[in-house]
Amino acid sequence: MERKETSINELEAAKQLNIITELKARFDQEFEKTGKKKTYHIETFGCQMNSRDSEKISGILKQIGYEETDTEDADFVLFNTCTVRENANNRVYGRLGYLGKLKKSNPDMIIAVCGCMMQEASAVEKIKTSYRFIDIIFGTHNIFKLAELLQIRLDSKRMVIDLWKDTELIVENLPNDRKYSFKAGVNIMYGCNNFCSYCIVPYVRGRERSRNAQDIIDEIKAFAEDGVVEIMLLGQNVNSYGKTLEEPITFANLLQKIEGIDGIERIRFMTSHPKDLSDELIEVMKNSKKICNHLHLPLQSGSSRLLKIMNRRYTKESYLELVSKIRKAMPNISLTTDIIVGFPGETEEDFKETLDVVNKVGYDSAFTFIYSKRTGTPAATMEGQVEETVAKERFDRLLKAIQAGSAKAAGKDEHTIQKVLVEEINAQDSSLLTGRLSNNLLVHFPGDQSLIGKIVDVYLEESKGFYYMGKLINS
Ligand code: 5AD
Ligand code: SF4
């Protein structure tokens, strides 16, 4: 039976496609007059979710008739923003100031700002008062409306603001672009229901909603037919995929379905919340030929006391147990993590618990963050905010512990032959190709650019810590 939202989604998609066609006709006419294609430039801040959103934006703009350019000196400039930490916001304001100057010499330039920061009333207020030259503001829930917003802006010459608090809509089948021909991100769910007490994501990305499994499968099949060999499944907590669907399905089950798609050779996913990582998933990963040998498992803190206040719903002990279960099933798996230092009330003892977990797990690598106060989250008003100097000092100690672990983990595949997905010509030395191992580490090796996008056998000659130097094995 078709669900109500599906039909609303389809109507909305049809409406947007109409507007795209209208705008395209208008742009084609202008092109006939001027002989000049209009250009666009997207600046993406933040996570892979934003990168994927930017590909969708790019798809819409290309369909309208814009051509991509890599400088901000373009006819349409869009900032897709992040607000997970304060410094992300500050970077956006800095760059917007520069755009204002560019617009003075090109008054017809259209500037749009979207993404997580725009879901915060204070940021929008600041833009409305201090950056009045901005033309279009929208959020995370209505990216699919970009063509409509652009049309309103072109017709009205006023600032267009369209912000939704939350949505149940998942609008499929709009144009979308891909940065790489051979690998693609695929959203499997949107939003987050976890409300970790430091995190702004549930407020700016809304409630958790999963895409229908069949829509995901169809998208991946189409990618595979188009030459994609590696996919990255994206969601704030992929382990709770499917729970909100009419016909519930587990993430492990979805992975099994994707495993069956011809042409897809590698499956990655992020992010996994430790509290929801099931035995079923470990089993599926262990038996899979396509799921990559890598798991990103955010720890955030090693102190059970802080984890409780962070609302993470696992303890130091249960996290370590989970890690040993995973390692028992997949001894060679690469584990990476996210850790926050300086969460309100963090004591030296709490921090030492974090170091203890880091030393015990021996992560291959980690993203480490100094706690950043986000207005509206429970942690922002908690007592015991940690002084910057203390947090910085702990951050440095944490980095050293992570580096010691990754130095040990590095090189474990030295002198073996491994499969490498060739991604690009090496930026420093054009005689070399750069590719990725299943565990996500980079490998550089001599080779011809015709191999880009292919999975090849490479002998890992020498470990350089965070990457290998290798030699192509001709099969
Ligand atoms: N301060 C610092 N780091 C944060 N993260 C999320 N919110 C904050 C915050 N307020 C980190 C978490 C998360 C990653 C994406 O960003 O570690 O896993
Ligand atoms: Fe933020 Fe926690 Fe949701 Fe991750 S799981 S997005 S850290 S609230």
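Any read-out appearing in this document is the output of simple, stated calculations on the displayed coordinates, not a laboratory observation. Remember, it's a predicted structure, so these values are computed and weren't measured experimentally. No Cβ is skipped: glycine too gets one built from the backbone with ideal geometry, and neighbour counts run over all protein chains shown.
Per-structure values
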{"read-out": "Virtual spin-label span in nm between Asp108 and Glu225, 7 Å along Cα→Cβ", "value": "3.9 nm"}
{"read-out": "Of Lys183/Lys412; Lys37/Lys157; Lys15/Lys37; Lys243/Lys408; Lys24/Lys103; Lys165/Lys257, those spanning more than 28 Å from alpha-carbon to alpha-carbon", "value": "Lys243/Lys408; Lys165/Lys257"}
{"read-out": "The chain - Cys residues lacking any other Cys C-beta under 4.7 Å", "value": "Cys47, Cys82, Cys114, Cys116, Cys192, Cys292"}
{"read-out": "Subset of Lys36/Lys128; Lys286/Lys360; Lys290/Lys325 violating a 25 Å alpha-carbon distance limit", "value": "Lys36/Lys128"}
{"read-out": "R0 of 25 Å, Cβ-Cβ distance Asn440-Glu383: FRET efficiency to nearest 0.05", "value": "0.05"}
{"read-out": "Distance between the stretch 215-255 and the stretch 283-317 - C-alpha centres, whole angstrom", "value": "20 Å"}
{"read-out": "Separation of alpha-carbon centers, the stretch 25-65 and the stretch 106-177, rounded to whole Å", "value": "14 Å"}
{"read-out": "Amide H contacts under 5 Å for Glu423, placed H, 5+ residues apart", "value": "Thr434, Gly435, Arg436, Gly453"}
{"read-out": "Shape category assigned to the stretch 98-158 from the gyration tensor of Cα positions, a/c cut at 1.5", "value": "oblate"}
{"read-out": "Dipole magnitude of the chain about its Cα centre (Cβ charges: Lys, Arg +1; Asp, Glu -1), debye to nearest 20", "value": "720 debye"}
{"read-out": "Amide N of the stretch 86-130 lying under 16 Å from the label point, which is placed 7 angstrom from the Cα of Lys165 along Cα→Cβ", "value": "119-122"}
{"read-out": "Spatially proximal aspartates and glutamates relative to Lys373 (Cα-Cα < 16 Å; intrachain offsets below 8 disregarded)", "value": "Glu86, Glu120, Glu346, Glu383, Glu387, Glu388"}
{"read-out": "Lys128 versus Ile261: modelled label distance in nm, points set 7 Å from Cα along the beta carbon direction", "value": "4.1 nm"}
{"read-out": "Highest to lowest packing among 284-295, 433-444, scored as the average C-beta count within 10 Å", "value": "433-444, 284-295"}
{"read-out": "Prolate/oblate/rounded label for the stretch 1-145 (Cα gyration tensor, a/c 1.5)", "value": "oblate"}
{"read-out": "Prolate/oblate/rounded call for the stretch 153-309, Cα gyration tensor, a/c under 1.5 rounded", "value": "oblate"}
{"read-out": "Under-5 Å amide H pairs with Asn293, H placed in peptide plane, nonlocal only", "value": "Asn439"}
{"read-out": "Pairwise label distance in nanometres, Ser430 with Ser181, each label 7 Å out on the Cα-Cβ vector", "value": "1.9 nm"}
